[in-house]
1. Measure nothing fancy, just the Cα-based angle from helix 21-31's long axis to the longest principal axis of the chain, in degrees from 0 to 90, nearest 10.
2. Taking 7 Å along the Cα-to-C-beta vector as the label spot, tell me the Val137-Asp74 distance in nanometres, rounded to one decimal.
3. So what's the gap between the Cα centers of the stretch 63-104 and the stretch 105-139, to the nearest angstrom?
4. Treating the beta-carbon of each Lys and Arg as +1 and of each Asp and Glu as -1, no other charges, what is the dipole magnitude of the stretch 2-138 about its Cα centre, to the nearest 20 debye?
5. What is the packing order of peptides 21-32, 65-76, 3-14, taking the mean over residues of other C-beta atoms within 10 Å and listing the highest first?
6. Give me the number: length gained by fully extending Ala106 to Arg29, i.e. 0.36 nm times residue separation minus the C-alpha to C-alpha distance, one decimal in nm.
7. So for the pair Thr114, Lys2, with labels modelled 7 Å out along Cα→Cβ, what separation do we get in nm?
8. Please list, or write none, the lysines whose alpha carbon is within less than 16 Å of the alpha carbon of Lys2, excluding same-chain residues fewer than 8 places away.
Amino acid sequence: MKALTETLSVATKGKGTYEITNEVDRIVRKSGVTTGVATVFVQHTSASLIIYENADPSARTDLHAFFERLVPEDQDYFVHTAEGPDDMPSHLRMVLTRTSEVVPIAQGQMLLGTWQGIFLFEHRRAPHRRNVVVSIVGV
């Protein structure tokens, strides 16, 4: 059994999706695992991870617009606003998505679909540096 854990530091420029597929793939190849799983985990409560369409950027544009409508900022019923009007919405958007993704590995490669990529989904307006932990386990 082999195991490897690494932390990626992802710099964001504010709200949006940031593809990290290549960085995760680099860690998979470094691990030497040919059959196993890659677990990707974000260590934050105002950012999340998604597996999403990576061929046509308009799919991500639509995703961003959907979340703006689904969880708008500046709602008078939000109590948790200490860090600004995007604070509580960022936490709710994280809860509606995920903090981790698990991808199978076979023949030394992640088994993502043809148009799938792994993305950090930043929910805050300001730039941040996000920690993403990647753990590879297998043979």
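Values in this text are rule-based calculations from the coordinates and carry no lab data. Because the structure is a prediction, the values reported are computed rather than measured. Please note: Cβ atoms are built from the backbone with ideal geometry, for glycine as well, and neighbour counts cover all protein chains shown.
1. 30
2. Reported label-point gap for Val137 and Asp74 is 4.6 nm.
3. Cα centroid to Cα centroid, the span is 20 Å.
4. On the way: 14 positive and 16 negative charges, 115 e Å.
So the dipole magnitude of the stretch 2-138 works out to roughly 560 debye.
5. Working: 21-32: 16.3, 65-76: 11.8, 3-14: 13.6.
Highest-to-lowest ranking by the protection proxy: 21-32, 3-14, 65-76.
6. On the way: separation 77, 0.36 × 77 = 27.72 nm, distance 1.13 nm.
Additional length available on full extension: 26.6 nm.
7. So the two model labels end up 2.9 nm from each other.
8. Within reach: Lys30.
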